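The values are calculated or read from the model by the stated rules, or taken from the named source; none is laboratory data. Keep in mind that this is a model prediction, so the values were computed, not measured. Methodologically, a virtual Cβ is constructed for each residue, glycine included, from the backbone with ideal geometry; neighbour enumeration extends over all protein chains shown.
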Amino acid sequence: MFTAQDIVTLRKRTNAGMLDCKKALTATDGDLDKAAEWLREKGIAAAAKKADRIAAEGKIFFYDHMNGKIGVMLEINCETDFVARNEQFNELGKNVAMHIAATKPSYVRIEDVPASVIEHEKEILRIQALNEGKPEHLVEKMVEGRIKKFYKENVLMEQEYVKDPEKTITTLVNEATSTIGEKISIRRFTRYEMGEGLEKRQDDFVAEVMNQSKGNK
């Protein structure tokens with residue numbers, strides 16, 4: 001087993017994200033040295049070391065689905081124009097754009113979520129927990145747990161990758177950073193859906209993406 005302090009210690013040692021550190025410790029039964037090695041093997045620690053570099057080059061990707069009924073415009077940055085033409089970089093852009101089309105995130109990173117949105121969501125979650133009859137001393141812990149679920153559903157970098165739910169989008173980008181050797185950063189995106197806001201049939205696009213990805217293997 002491991003503690004929250006172990007996660008913090010591993011984060012300081014490797015610069016990896018809290019979620020990745022938790023996964024590493026879980027996979028290695030709480031052994032800090034093995035967890036650090038696990039992060040290096042996954043390329044996560046190496047990607048974290050590049051986090052402070054400037055990525056001002058890159059490319060804007062366009063993706064459309066269902067004959068133009070769903071569209072995504074996505075900007076991904078890298079450090080050099082050479083990498084912007086790299087096959088793996090372009091494959092990453094295509095896959096992330098498809099993921100956005102399927103999952104409909106609202107923000108790129110947790111820090112992009114306005115404080116007012118988080119407080120509003122927490123208040124709703126508090127009321128829900130109290131209405132469920134939960135003791136008040138447990139409500140705050142439940143709210144924190146449920147707000148993490150909110151992030152996983154609405155923040156791109158926290159979402160499970162639709163083609164491989166064992167990975168988050170953060171892990172996917174970190175792997176690309178490690179393999180390509182430059183900082184890769186998702187800057188922004190816009191998702192369009194034909195007739196959005198109007199009442200219409202809801203298609204299970206995530207399932208469709210999964211079937212499409214299986215067909216491409």
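Quick one: would you say Ser185 is of a type in the set (Ser, Thr, Tyr), at pLDDT 90 or above and surrounded by 13 or more Cβ atoms within 10 Å (Cβ to Cβ)? In short, yes.
Residues considered: Ile147, Ile124. Of these, the only one that is touching a Leu at 6+ places or on another chain (Cβ under 8 Å), over 27 Å from Arg40 (Cα atoms) and at pLDDT 85 or above is Ile147.
Restricting Lys50, Lys94 to residues that are modelled with pLDDT of 95 or more, basic (Lys, Arg) and within 27 Å of Thr179 (Cα to Cα) narrows the list to Lys94. Suppose the filter is modelled with pLDDT under 95 and either over 26 Å from Arg53 (Cβ atoms) or outside any helix (DSSP H, G or I) (or both); does Glu175 pass it? Criteria not met by Glu175.
Can you find a residue that is surrounded by 18 or more Cβ atoms within 10 Å (Cβ to Cβ) and within 18 Å of the chain's Cα centre (by Cα) anywhere in the range 111-134? Yes.
A Cβ distance below 6 Å, combined with a sequence gap of six or more or placement on separate chains, defines the contacts here; from the range 102-126, residues that are assigned by TED's automatic domain parsing to the domain that holds Gly145 reach residues that are modelled with pLDDT under 95 and among the charged types (D, E, K, R) in the pairs Leu125/Arg146.
Among residues belonging to the range 4-34 that are at pLDDT below 90 and assigned to a loop (DSSP other than H, G, I, E, B), point out the one that is surrounded by the fewest Cβ atoms within 10 Å (Cβ to Cβ). The selected residue is Asn15.
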